Each structure stands twice: as C-alpha cells, then as structure tokens.
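Undergrad: Okay, here's the structure, questions in a sec.
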Amino acid sequence: MAQAPTTTEDIYGTTEPFAAKAIYFVVTDRFVNGDPSNDQRDQAKGAWHTFDRPVAGAPDDQSANIGYLGGDFKGIVDNAGYIHDMGFDAVWVTPIVDNPDQAFSGGTPASWGSFWTDQGKTGYHGYWGVNFYRLDEHLPSAGLDFAGFTRAMKAEGLDVVLDIVANHGSPSYTMTVAQPQFGRIYDKDGTLLADHQNLPPESLDPEHNPLHTFYNTYGGLAQLSDLAEDNPAVLDYLAGAYEQWIDQGAAAFRIDTIGWMPHRFWSAFADRIRARHPGFFMFGEDFNYDAATIAAHTLPRNGGISVLDFPLRSKLQDVFAKPGSDFAELGKALYLEDGPYANPYDLVTFYDNHDMPRLDASDEGFIDANNWLFTARGIPAIYYGSETGFMRGRGEHAGNRNYYGQTRIDDAAHSPIHGKLTRIARLRRESPALQRGLQHDLILQGDQAAFYRVYEHDGAAQTALVLLNKGDAEAKIALQRDLQPGDWRDGFSGERIVLGDSATFDVPAHGVRVLFFDQPLTRPDLRARLLESMQRRLRR
C-alpha cells in the first residue's frame with residue numbers, strides 16, 4: 001500500500017490502483033444456483049446430510065438455512081452483467097477451498113438467531129478448509145473451474161476478490177464420533193498433513209505426534225482447528241495454496257479473521273505473496289470497532305494490509321438506520337488527517353455483511369447510505385441483496401445469509417434502492433476524484449453533508465463537490481467558504497454551472513448532487529489548505 005512519489009503540488013487520497021474499484025460481496029452458495037448438477041444433494045445421506053438444513057426455531061413466516069443451497073460459479077457468471085451494470089468492478093467471493101462433506105456433529109446446536117453455534121452446520125460458506133489447494137466440488141461446472149470463472153468475470157469487466165483463511169481450518173473436536181475430514185488438512189496431492197483427531201486443543205501433543213504440529217494447543221474460535229502461526233510449514237502450505245489461486249486469476253485477497261493471528265505472521269505472508277506479485281492488494285477482517293487496533297495491520301512493518309473499516313461501519317449504522325441522526329457522527333471515524341491508518345483511503349468501507357445483522361434501515365436509509373459510501377473516502381463494498389434491502393436487520397441464523405436467487409435479481413430493477421445505487425455507483429466508476437481523491441469536509445451537520453474529493457496527480461486533475469441530503473424534504477445547502485470559482489459540470493445531467501466564491505445548492509430529499517471541476521484548483525487559500533492536509537496525511 002505504498003504511495004507513489006508526490007510533487008509539492010500533487011493532491012490525492014491514494015494512488016492504490018484497487019481503490020478505483022467498487023466491490024460486490026457474494027456468499028457464493030447463497031447467490032444463484034446456476035448449475036444444479038453440482039449441488040451434491042445426495043452427499044452424506046442421513047443425520048449429517050449437507051443439502052438444505054433449515055435452522056431450528058424459526059418463526060412460522062421466516063427461515064434460515066445452514067446447509068448448502070446450490071449457489072455456484074455459474075450462478076455468478078450468469079449474472080455478471082447485472083453486477084457490472086450496477087456500477088461494480090469487482091466481486092468478492094467466499095472461500096473456494098474444499099470443505100468437509102458432512103454437517104458438523106459437535107459444538108452447540110444452531111438455532112434461530114444464535115451465533116458461534118455450529119452443530120448441524122455445513123461448510124456452505126467455505127471457511128472450513130480441509131484442502132486449501134483443492135476447489136470445493138459445489139462450485140465448478142464443466143469448463144468453469146476457478147481459472148475459467150475468473151476469466152469469464154474479467155470478460156465482463158469484473159475482478160475476483162478471493163476470501164482466504166489462514167487462522168483456522170474446519171471444526172475439529174467435540175464430535176461424539178470422529179467424522180471424516182473434520183479437523184484434518186491435506187496437501188495438494190491429497191496426502192494427510194494434519195489431524196486434530198477429535199481432541200481438544202490442550203490434549204494435542206505436537207512434540208510427539210507429527211499430525212498435531214499444524215495446530216496450536218490452545219483454543220481459538222468455537223471448535224475450529226487453530227493453525228500454528230509459528231510453524232514455518234503452515235506458512236509454506238498457506239502461501240503456496242493462495243499463490244496457486246492468484247495464478248488462476250484472483251485479483252485481490254480479503255483475509256478472514258486477520259486479528260486472530262500475530263502481525264509477524266501477516267508480515268511474512270505478505271512478503272511471500274508480493275515477492276511474486278508486487279503490489280498485490282489485500283484487506284483483512286479484524287472485527288473490532290477500535291481504529292487504533294485495526295490500523296496496526298495497515299502499517300508497512302506489519303505487512304501493509306488494508307482492513308475493513310469497522311469503526312466507520314458503526315457510525316454508518318447509527319446515521320443511516322436511525323431517524324434524526326447527525327452526519328457529524330461520520331466525521332469522527334474518517335481519520336482524514338493524523339489518524340492511525342497507513343492510509344484511510346485504502347480502507348474497504350461497508351455498512352453490513354455476512355457476519356453481522358444487515359442494515360436495518362428504510363429504503364431511504366439504504367439510498368442515503370449508498371450515496372455516502374460511493375462518494376466518501378474508501379473502497380465501497382456492498383453485500384449481495386443490499387441493493388434491494390434484502391433481509392434487512394437480520395443476523396446470522398436469522399436470514400442474513402438466505403438464498404437470493406434469480407427471481408430477485410430479475411426483479412431488482414423495481415427496487416428504488418437498486419436504481420439509486422446504480423446511479424451513484426456508475427458515477428463513481430467514471431470519476432478519479434470519487435475513487436481516489438483527497439477528502440476535504442465542508443459541512444457534516446444534521447441531514448446535510450458537503451465535501452470535496454480532489455485528485456491532481458500523474459497528469460490528471462479533477463475535483464468533485466459532493467452534496468448530500470438525508471432529510472425528507474428538499475434542502476438548500478449553502479457554501480460560504482472554500483468554494484472554487486469557475487466552470488463546473490453537473491455529474492448527472494452534464495449541465496455547465498458557473499460558480500463564484502459562494503453558492504446555495506438545491507438537493508432533493510434523500511438525494512445527492514455531484515459537481516465536477518475538470519482542471520486544477522486555482523483558489524489559493526483552498527489549495528493551501530488541501531496541500532497542508534495532504535502533507536499531514538503523508539507524515540503518518
């Protein structure tokens with residue numbers, strides 16, 4: 001995440017190429033079943049079958065499922081045009097590696113609305129790897145292995161972000177009878193490398209049993225096998241596996257549970273990956289709302305790995321799901337200057353995902369959230385279904401990961417959320433300022449927000465003036481300071497607008513206006529402020 005050299009007159013937020021992207025996040029099994037022939041519906045017949053396992057205790061009119069439901073690569077490829085047309089440039093998919101072929105018999109029974117309960121659950125989500133070199137059998141179709149999948153997506157203008165796991169393998173103990181594959185790890189040839197043997201971590205004996213050396217002897221998450229970060233063989237195994245998937249077209253990594261392993265591991269891992277793939281973009285999940293804690297991952301000495309912006313996500317929930325909220329809350333989590341992150345502009349911003357309740361907002365709340373997400377600093381990521389408000393407010397085992405399906409995709413255009421998301425996401429796609437520009441806040445108060453995004457670097461010059469109104473009535477947003485006089489362009493209509501030193505703008509209810517100034521800024525006091533902000537950020 002190192003910045004390109006800057007001149008004394010350059011103004012930008014980031015030069016990271018991946019910051020130009022907008023990400024659509026898919027739990028592959030829950031998106032679309034494009035190929036029923038790979039459903040494996042007869043896998044593990046009996047109590048621990050894998051297909052279609054409803055969660056116990058659901059209300060009569062609701063449901064959730066912890067079995068496989070059929071989503072696959074073909075379901076994504078068939079809808080790549082739908083995703084790209086909304087304004088996305090990348091699709092983040094859940095892990096693709098081989099998972100156990102039965103439902104887990106240990107742990108606590110999964111029930112409606114529960115969390116960290118895995119009994120009866122399958123590896124439909126992909127995070128229970130047993131062979132990190134082998135593609136799970138539920139995903140490919142004829143002619144559409146992972147390499148074929150990434151090629152097909154690239155042809156539609158979409159990069160593939162691969163979700164990877166290094167902290168753990170599959171559930172590994174508390175089974176009444178040891179189940180095949182659980183707690184085991186195999187190499188690329190199918191040879192058994194590690195086996196938890198249904199033993200609790202403290203009963204493992206890595207000193208005397210070679211099959212235990214891949215694991216720590218203390219507990220981690222739930223009953224998951226906890227990988228030994230200080231065993232060089234573990235690093236070799238994981239780096240080798242994930243280099244294989246890069247060679248087959250993975251364009252970036254999202255790293256699961258990055259906060260559960262020490263920085264020394266991630267620094268070594270990042271060095272290995274970037275030695276063969278310089279500049280390879282990675283962002284991690286440290287489910288923590290303390291910026292100082294998660295920012296440590298972004299520092300060069302710790303691997304220079306970006307992160308999902310959980311502190312900002314907390315504020316997005318407060319501002320866009322609660323009537324009467326104040327835009328000022330968002331300013332507290334931006335850290336545009338003198339903050340803890342190596343570069344806050346490289347963070348992946350989001351308001352919900354598969355590990356937390358979906359945004360519990362009205363249609364207008366989703367529209368307002370998207371207008372912010374696609375204009376403010378960071379790389380926006382939208383969870384599948386949020387373009388229509390799917391399962392809003394629902395947590396895991398309560399509908400958060402429910403099957404979306406082709407019918408909902410075909411009907412998405414009827415959702416007001418979808419239309420407004422498409423409008424602002426496509427605008428961001430066309431604008432280097434919205435993608436990578438320095439953010440300079442003018443107003444963050446009540447229902448109104450106004451800020452600049454300024455990008456002057458490498459021969460390009462564009463400033464975006466963003467005006468947001470999350471109120472129920474049209475707003476007049478008055479700017480009395482730092483306004484660049486000159487010839488501006490309305491981002492949506494193309495209309496030319498001549499501005500002076502101050503102006504008042506009409507912004508529709510739950511609306512956004514974006515004006516572009518397609519040349520270097522010339523107002524001396526504004527430019528001085530921006531250059532000072534730029535230097536304060538670069539001193540980090």
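Undergrad: Using the per-residue mean of other Cβ atoms lying within 10 Å as a proxy for protection, in what order, highest first, do the peptides 377-384, 529-536, 155-162 fall?
TA: Ranked by mean Cβ neighbours within 10 Å, highest first: 377-384, 155-162, 529-536.
Undergrad: How do the peptides 82-94, 33-45, 226-238 rank, highest first, by the average count of neighbouring beta carbon atoms within 10 Å per residue?
TA: Descending packing order for the listed peptides: 82-94, 226-238, 33-45.
Undergrad: Can I ask one more? For a Förster distance of 60 Å, can you work out the FRET efficiency between the beta-carbons of Asp230 and Ala509, rounded to the nearest 0.05?
TA: The computed FRET efficiency comes out at 0.60.
Undergrad: In addition: According to the square roots a ≥ b ≥ c of the eigenvalues of the Cα gyration tensor, what is the shape class of the stretch 222-297, taking rounded for a/c under 1.5, prolate for a/b larger than b/c otherwise, and oblate for the remainder?
TA: It is oblate, given that a/c is not under 1.5 and a/b is not larger than b/c.
Undergrad: Next question. Please report, in debye to the nearest 20, how large the charge dipole of the stretch 106-249 is about its Cα centre when each Lys and Arg carries +1 at its beta carbon and each Asp and Glu carries -1 there.
TA: Here the stretch 106-249 has a charge dipole of around 440 debye.
Undergrad: Could I ask something else about it? What dipole magnitude, in Debye to the nearest 20, does the chain give about its Cα centre under +1 on Lys/Arg Cβ and -1 on Asp/Glu Cβ?
TA: Taking the Cα centre of the chain as origin, the dipole is about 900 debye.
Undergrad: Another question, then. What is the Cα centroid distance between the stretch 227-287 and the stretch 292-348, reported in whole angstrom?
TA: Between the Cα centre of the stretch 227-287 and that of the stretch 292-348, the gap is 23 Å.
Undergrad: Relative to the present Cα-Cα distance, how much length would full extension add between Phe492 and Asp318 at 0.36 nm per residue of separation?
TA: 59.8 nm
Undergrad: A further question follows. Note down the magnitude of the dipole of the stretch 53-187 about its Cα centre, charges +1 on Lys and Arg C-beta and -1 on Asp and Glu C-beta and zero elsewhere, to the nearest 20 debye.
TA: 340 debye
Undergrad: Under a point spin-label approximation (7 Å from Cα along Cα-to-Cβ), what is the Asp247-Trp116 distance to one decimal in nm?
TA: It is 3.9 nm.
Undergrad: Next up: Ignoring any ligand, DNA or RNA, what whole percent of the accessible area of the stretch 258-372 comes from carbon and sulfur when the probe is 1.4 angstrom?
TA: 50 percent
Undergrad: Rounded to the nearest 5, what % of the DSSP beta bridges within the chain are antiparallel ones?
TA: Close to 60 percent.
Undergrad: Mind checking which lysines have their C-alpha under 19 Å from Lys74, skipping anything on the same chain fewer than 8 residues away?
TA: Lys74 reaches Lys154.
Undergrad: When every alpha-carbon pair in the stretch 40-96 is counted, what percent end up more than 15 Å apart?
TA: 65 percent
Undergrad: Also, I was wondering about something else. For the pair His414/Gln62, report the inter-label distance in nm, with labels modelled 7 Å from Cα in the Cβ direction.
TA: Between His414 and Gln62, the label points sit 2.4 nm apart.
Undergrad: Computed from these coordinates, which is Rg and Dmax of the Cα atoms in Å: (1) 23.8, 78; (2) 22.6, 68; (3) 24.9, 81?
TA: The value matching this structure is (1).
Undergrad: Sorted by accessible area with a 1.4 angstrom probe, largest first, how do Trp266, Trp260, Trp112 fall?
TA: Trp260, Trp112, Trp266
Undergrad: Cα convex hull of the stretch 372-529: how many Å³ per residue?
TA: 140 Å³
Undergrad: Considering only protein heavy atoms, what per residue accessible area in square angstrom results for the chain with a 1.4 angstrom probe?
TA: 36 Å²
Undergrad: Next up: Leaving out ligands, DNA and RNA, and with a 1.4 Å probe, what % of the accessible surface on the stretch 498-540 is carbon or sulfur?
TA: Roughly 49 percent of what the probe reaches on the stretch 498-540 is carbon or sulfur.
Undergrad: While we're on this one: Sequence neighbours fewer than 8 away in the same chain don't count; with that in mind, list the aspartates and glutamates whose C-alpha is under 18 Å from Lys476.
TA: Within the straight-line cut-off, Lys476 pairs with Asp326, Asp368, Asp441, Asp447, Asp490, Asp501, Asp506.
Undergrad: Still on this structure, please answer the following. So, with a 1.4 angstrom probe, what is the percent of accessible area on the stretch 124-195 that is carbon and sulfur?
TA: Here carbon and sulfur together make up 53 percent of the probe-accessible area.
Undergrad: Please sort 486-492, 467-473, 138-144, 364-370 by packing, taking for each peptide the average over its residues of neighbouring beta carbons within 10 angstrom, highest first.
TA: The most tightly packed comes first, giving 364-370, 467-473, 138-144, 486-492.
The values are calculated or read from the model by the stated rules, or taken from the named source; none is laboratory data. Everything numeric here is computed off the predicted structure, so don't read it as measured data. With ideal geometry, Cβ positions are generated from the backbone for all residues, glycine too; neighbour counts draw on all protein chains shown. Surface areas here come from the heavy atoms of the whole protein model, side chains and all, with no ligands, DNA or RNA. Shrake-Rupley method; radii C 1.70, N 1.55, O 1.52, S 1.80 Å.
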